[in-house]
Amino acid sequence: MNNIIKFEGHQVDILNLDGSRWDGQQEAWFIPKQIAVAIEAKDPKNYAIKKLSENKAKFEGFIGRCRIITPGGNQEINIINENGLYMFLMASDLPKAIEFQRKVAELLKQVRLGNVVPLSKDQALVTVLRTTADLMEGQEQIIQRIDEVERKVDEQITLQSGEQRKAQKEIAKRVYELAEQVAYKQLGFDGSEVIVPDLEKERKRLFSEIHRTIKDCFAVASYKDVRRSEFNQLLLFIQAWRPKLVA
């Protein structure tokens, strides 16, 4: 409970004047709207504004301003100190007000006696994470379904432009290597005259064959249509590829 008051399923933060979580050393401050929610006011925001505006003289010296992060972004809000909190609750005719006042008074008393230690920032984060984990408990099937859908989507995504260029370069590199091997073999080692094949023609033949083989092996219309999940397999395939007519 430390620097968060839990009351009837509601949560009320205890803050320092600068909006950070209460450290137990400085004066304790509260958000009026959260108090109004906890004591079950029908329109918490307007209820809090009304109570503060109707009793300006009584709240003099008990109201401050701070900036906090809210779902709507970083906002500056009114906050009230401990005396302001009691004044706020005393001005209320809601049945939950007295019960909530006792809850707060007991908590602050225990903190000051050293029986309760306020949460550090790291401990507060752990609490949030544990709460989130609890909320997720029993939702494994949903998570598994999401993972399944995600896998299916990944399987449908084809190579990005950078990956296409990488594959294209690997294809060209492999073709040129194999074409040079053919030319080298044709020269022979016995000094006899041989006809060196037309490298450009050989390269065209190899390009045609490797593209055709990729289409057959990966069941695609072009190497560009290979799935991203198979990109590394494609690179290995190109690097190890040999044409049928090359020994």
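The values are calculated or read from the model by the stated rules, or taken from the named source; none is laboratory data. None of these values were measured; they are calculated from a predicted model. Neighbour counts are summed over all protein chains in view; Cβ atoms, including those assigned to glycine, are modelled from backbone coordinates with ideal geometry. Surface areas here come from the heavy atoms of the whole protein model, side chains and all, with no ligands, DNA or RNA. Shrake-Rupley method; radii C 1.70, N 1.55, O 1.52, S 1.80 Å.
Numbers at a glance
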read-out: Of all residues making up the range 48-98, the number that are more than 18 Å from ASP13 (Cα to Cα) and either buried (at least 17 other Cβ atoms within 10 Å of the Cβ) or among the polar types (S, T, N, Q) (or both); value: 6
read-out: Selection within the range 35-71 - in contact (Cβ under 8 Å) with a residue 60 or more places away in the chain and closer than 21 Å to ASP18 by Cβ; value: ILE35
read-out: Selection count, the range 25-47, where residues are open to solvent by 20 Å² or more (accessible area, probe 1.4 Å), within 19 Å of ILE68 (Cβ to Cβ) and not hydrophobic (A, V, I, L, M, F, W, C); value: 6
read-out: LEU107 vs. criteria under 38 Å from the mean Cα position of the chain (by Cα), part of a helix (DSSP H, G or I), within 20 Å of ASP18 (Cβ to Cβ) and in contact (Cβ under 8 Å) with a residue 40 or more places away in the chain; value: no
read-out: Subset tally (residues that are open to solvent by 90 Å² or more (accessible area, probe 1.4 Å) and in a loop (DSSP other than H, G, I, E, B)) for the range 1-24; value: 3
